[in-house]
Amino acid sequence: YEGLGFCGPGEGARFVGDGQVSVNPSGGLLCANPFFASGLVRVAEAVLQVTGRAGGHQVEGARRAVAHGASGLAGQAHTVVVLEGEA
């Protein structure tokens, strides 16, 4: 969150800990290892959230979502997708 500019250096834990933003509401990749599809899994979850179709882990009022995926031997290739649903 610091690297994306959502908060200042050293403020990431407080940013996600104060409850103003939801982080990984579906549990994400903690229960599986889709390897090369991991970024796509995050984008799919973001789409479900901003369209109100995330079921039991829906974040009430979710209008925007950020999905991030990395690959490469040293994690040197990154993609960030920012989605916004219709108002």
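Within segment 46-64, restricting attention to residues that are of a type in the set (V, I, T) and part of a helix (DSSP H, G or I), the residue that is farthest from A77 (Cα to Cα) is V50.
Hey, can you tell me all the residues within segment 66-87 that are among the hydrophobic types (A, V, I, L, M, F, W, C) and either more than 13 Å from N24 (Cβ to Cβ) or at pLDDT 95 or above (or both)? Step through it out loud before you land on a result.
Taking segment 66-87 and keeping what is among the hydrophobic types (A, V, I, L, M, F, W, C), we get 66-67, 70, 73-74, 77, 80-83, 87.
Passing the criteria: A70, L73, A74, A77, V80, V81, V82, L83, A87.
Suppose we keep only residues that are at pLDDT 90 or above and over 12 Å from T79 (Cβ atoms) within segment 36-45. Which one would you say is surrounded by the most Cβ atoms within 10 Å (Cβ to Cβ)? So that I can check it myself, show each step before the final result.
Step one: filter segment 36-45 for residues at pLDDT 90 or above, giving 43-45.
Filter again for over 12 Å from T79 (Cβ atoms), leaving 44-45.
Values: A44: 13, E45: 20.
Among those that are at pLDDT 90 or above and over 12 Å from T79 (Cβ atoms), it is E45.
State all residues of segment 53-71 that are surrounded by 13 or more Cβ atoms within 10 Å (Cβ to Cβ) and within 15 Å of the chain's Cα centre (by Cα); if no residue qualifies, say none.
In the first step, residues of segment 53-71 are kept if they are surrounded by 13 or more Cβ atoms within 10 Å (Cβ to Cβ); the result is 54, 57-59, 62-63, 65-71.
Within segment 53-71, A54, H57, Q58, V59, A62, R63, A65, V66, A67, H68, G69, A70 meet the criteria.
Note on segment 1-48: residues that are closer than 19 Å to V81 by Cα and touching a Cys at 6+ places or on another chain (Cβ under 6 Å) amount to 1. Checking each residue in segment 1-35 for being surrounded by 11 or more Cβ atoms within 10 Å (Cβ to Cβ), at pLDDT 90 or above and among the small types (G, A, S) picks out G8, G12, A13. The set of residues from segment 1-30 being in contact (Cβ under 8 Å) with a residue 24 or more places away in the chain and polar (S, T, N, Q) comprises S22, S26.
The values are calculated or read from the model by the stated rules, or taken from the named source; none is laboratory data. The structure presented is a predicted model; accordingly, all values stated were derived computationally and were not measured. Glycine gets a Cβ as well: all are built from the backbone with ideal geometry, and neighbour counts include every protein chain shown.
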